[in-house]
1. Any chance you could count how many residues in region 146-178 are away from ligand 1 (no atom under 16 Å from the Cβ) and in a helix (DSSP H, G or I)?
2. Is it fair to say residue 146 is surrounded by fewer than 20 Cβ atoms within 10 Å (Cβ to Cβ) and on the phi > 0 side of the Ramachandran plot?
3. Consider residue 175 carefully, then state whether it is within 12 Å of ligand 2 (Cβ to nearest atom) and under 29 Å from residue 99 (Cβ atoms).
4. Answer yes if at least one residue in region 142-163 is in contact (Cβ under 8 Å) with a residue 12 or more places away in the chain, within 23 Å of residue 84 (Cα to Cα) and within 16 Å of ligand 2 (Cβ to nearest atom), and no otherwise.
5. Kindly provide the set of residues from region 183-217 that are away from ligand 2 (no atom under 13 Å from the Cβ) and either touching a strand residue (DSSP E or B) at 6+ places or on another chain (Cβ under 6 Å) or at pLDDT below 90 (or both), ordered by number.
6. Only residues that are surrounded by fewer than 20 Cβ atoms within 10 Å (Cβ to Cβ) and within 13 Å of ligand 2 (Cβ to nearest atom): list them for region 113-128, please.
7. Scan 84, 103 and give me the residue that is part of a helix (DSSP H, G or I), modelled with pLDDT of 85 or more and either touching a strand residue (DSSP E or B) at 6+ places or on another chain (Cβ under 8 Å) or more than 19 Å from residue 159 (Cα to Cα) (or both).
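The values are calculated or read from the model by the stated rules, or taken from the named source; none is laboratory data. Please read these numbers as outputs of a predicted model, since none were measured by experiment. Note: ideal-geometry Cβ built from the backbone for every residue, glycine included; neighbour counts use all protein chains shown.
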Ligand SMILES: [Zn+2]
Ligand SMILES: [Zn+2]
């Protein structure tokens, strides 16, 4: 029976702790210290790339044309389009990185060194994954939705918070609002889950349409917290 470790979880939050089949942080293939260093390195890279992109494509006149303020309906439509575009890009990119052994070994495996999740592991990935998935996906979402830079600040802030929340390793009451939530993504991080639940951030429709959705159940655990089970055990092999 593996020892359950609650590193870093304050007492009042332990009742929300999510337990999975492999629920022992000793199973993680990388230390928290290495993850922090990796995240800081990736974020530094992302800031440099963003500055370079602004330098090449930005408006150097100093004038900022914010245009007319969009109505709430227009804004809602832009957010839905951006979420669908980003989710589609992330689903197929993520799935390809699992199916192609070279891409998995040299790029995506880094993110999967964390099997039992904690919040700041969300951004622990190879810089090429961050660039091809987050940066290019983000540019496409902005361009195709037509949202303003100001609107994109709120959209991407929410997307980043959601990604961190999906790795939080706890089942909080509001998670029931999202099909794509911390249990859904935690199942993907288990060893048997790497063929399922590729959807990232907002929706789960691509997994459902293409047969890669792994359903799960959630029960209250006697010792506190919640226990998640994949419902299709035949998929565990
Ligand atoms: Zn993840
Ligand atoms: Zn993955």
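1. 14
2. Details: surrounded by fewer than 20 Cβ atoms within 10 Å (Cβ to Cβ): yes; on the phi > 0 side of the Ramachandran plot: yes.
For residue 146, the condition - surrounded by fewer than 20 Cβ atoms within 10 Å (Cβ to Cβ) and on the phi > 0 side of the Ramachandran plot - is met.
3. Details: within 12 Å of ligand 2 (Cβ to nearest atom): no; under 29 Å from residue 99 (Cβ atoms): yes.
No: the conditions fail for residue 175.
4. For region 142-163, residues in contact (Cβ under 8 Å) with a residue 12 or more places away in the chain, within 23 Å of residue 84 (Cα to Cα) and within 16 Å of ligand 2 (Cβ to nearest atom): present.
5. Matches in region 183-217: 183, 215, 216, 217.
6. 113, 126 - these are the residues of region 113-128 that are surrounded by fewer than 20 Cβ atoms within 10 Å (Cβ to Cβ) and within 13 Å of ligand 2 (Cβ to nearest atom).
7. Answer to the check: 103.
One line per residue, one yes/no per condition, for (1) within 14 Å of ligand 1 (Cβ to nearest atom); (2) more than 13 Å from the chain's Cα centre (by Cα); (3) outside any helix (DSSP H, G or I); (4) farther than 19 Å from residue 186 by Cα:
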{"residue": "111", "(1), (2), (3), (4)": "yes, no, no, no"}
{"residue": "115", "(1), (2), (3), (4)": "yes, yes, yes, no"}
{"residue": "138", "(1), (2), (3), (4)": "no, yes, no, yes"}
{"residue": "144", "(1), (2), (3), (4)": "no, yes, no, yes"}
